[in-house]
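Undergrad: Following this message is one structure expressed as structure tokens.
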Amino acid sequence: MSEEKVAIYPGSFDPLTFGHLDVIERAAKLFDKLIVLVAVNASKQAHFSLDERRGHIIDICQHIPNIEVHSISGLLVEALNNFDACAVVRGLRSISDFEYEIHMAMMNRDLNPKCETVFLMPSPETSFVSSRMIREIARLGGDIAKFVPPIIADALKEKYHAPSPSTDK
């Protein structure tokens, strides 16, 4: 009997884009189980809370039977051990992503020699999309519907364009 192949796809997912979803769907076909790991990144100011991001991913990925969504604030290599995962999945949009990700993959392997990293390219139509760009377009009132699932578009619209409570009484 073969061992279950578990992979982890970590990210801040702030917000989840169609590019992220493309990688999730494709990685889920490659592994028996995919753990989507919503990470706390101390160098980034989150626009959605950890619970909001986890909830968005759970809602959006209901059609994928072999994924679980968890969160992490520690080292990724610790999560590999905790989930008995054999690989980390990372999406690569560009050469600059590759340069950063290859260093991260090498560091993870140094910290945990069993850590393999699988790089997936997003589909061409989503390869230029980043969460940072999506937040900026949404903040300025632009249409983000073709870049993110409806749940995310609605959440960003509410976050950036909800009327603020009146202070005049």
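Undergrad: Inspect region 51-58 for any residue being assigned to a strand (DSSP E or B) and either open to solvent by less than 60 Å² (accessible area, probe 1.4 Å) or over 24 Å from Ser127 (Cα atoms) (or both) and give the result as yes or no.
TA: Applying the first criterion (assigned to a strand (DSSP E or B)) to region 51-58 yields none.
No, that holds for no residue.
Undergrad: Output the residue which, of all residues in region 61-76 that are surrounded by fewer than 19 Cβ atoms within 10 Å (Cβ to Cβ) and hydrophobic (A, V, I, L, M, F, W, C), is nearest to His103 (Cα to Cα).
TA: Let us first name the residues in region 61-76 that are surrounded by fewer than 19 Cβ atoms within 10 Å (Cβ to Cβ), namely 62-66, 68, 70-75.
Filter once more, so that each one left must be hydrophobic (A, V, I, L, M, F, W, C): 64, 72, 75.
Details: Ile64: 30, Ile72: 20, Leu75: 15 Å.
In this case the residue turns out to be Leu75.
Undergrad: So which of Ile137, Ile102, Ile144, Ile152 is surrounded by 14 or more Cβ atoms within 10 Å (Cβ to Cβ), β-branched (Val, Ile, Thr), touching a residue at least 12 places away in the same chain (Cβ under 8 Å) and assigned to a helix (DSSP H, G or I)? Step through it out loud before you land on a result.
TA: Working: Ile137 fails: touching a residue at least 12 places away in the same chain (Cβ under 8 Å); Ile102 fails: touching a residue at least 12 places away in the same chain (Cβ under 8 Å); Ile144 fails: assigned to a helix (DSSP H, G or I).
Result of the check over Ile137, Ile102, Ile144, Ile152: Ile152.
Undergrad: For residues that are among the β-branched types (Val, Ile, Thr) and surrounded by 19 or more Cβ atoms within 10 Å (Cβ to Cβ), scanning just region 3-29, find the one that is nearest to Tyr160 (Cα to Cα). Reasoning before the result, please.
TA: Just the residues of region 3-29 that are among the β-branched types (Val, Ile, Thr), to begin with: 6, 8, 17, 23-24.
With surrounded by 19 or more Cβ atoms within 10 Å (Cβ to Cβ) added as a condition, the list becomes 8, 17, 23-24.
Details: Ile8: 31, Thr17: 17, Val23: 27, Ile24: 27 Å.
Looking at the filtered set, the residue picked out is Thr17.
Undergrad: Evaluate the following for Asp110: is it more than 21 Å from Cys61 (Cβ to Cβ), modelled with pLDDT of 85 or more and either of a type in the set (Asp, Glu) or open to solvent by 100 Å² or more (accessible area, probe 1.4 Å) (or both)? Please lay out each step first, then the result.
TA: Numbers: more than 21 Å from Cys61 (Cβ to Cβ): yes; modelled with pLDDT of 85 or more: yes; either of a type in the set (Asp, Glu) or open to solvent by 100 Å² or more (accessible area, probe 1.4 Å) (or both): yes.
The answer is yes for Asp110.
Undergrad: Checking the condition more than 18 Å from Thr17 (Cα to Cα) and basic (Lys, Arg), which residue from Arg109, Arg54 passes? Explain how you work it out, then say what you get.
TA: Working: Arg54 fails: more than 18 Å from Thr17 (Cα to Cα).
One residue alone meets the criteria, Arg109.
The values are calculated or read from the model by the stated rules, or taken from the named source; none is laboratory data. Quick caveat, the model's predicted, so the values are computed rather than measured. Cβ atoms come from the backbone with ideal geometry, glycine included; neighbour counts cover every protein chain shown. Areas reflect the complete protein model, heavy atoms only, side chains present, ligands, DNA and RNA absent. Shrake-Rupley method; radii C 1.70, N 1.55, O 1.52, S 1.80 Å.
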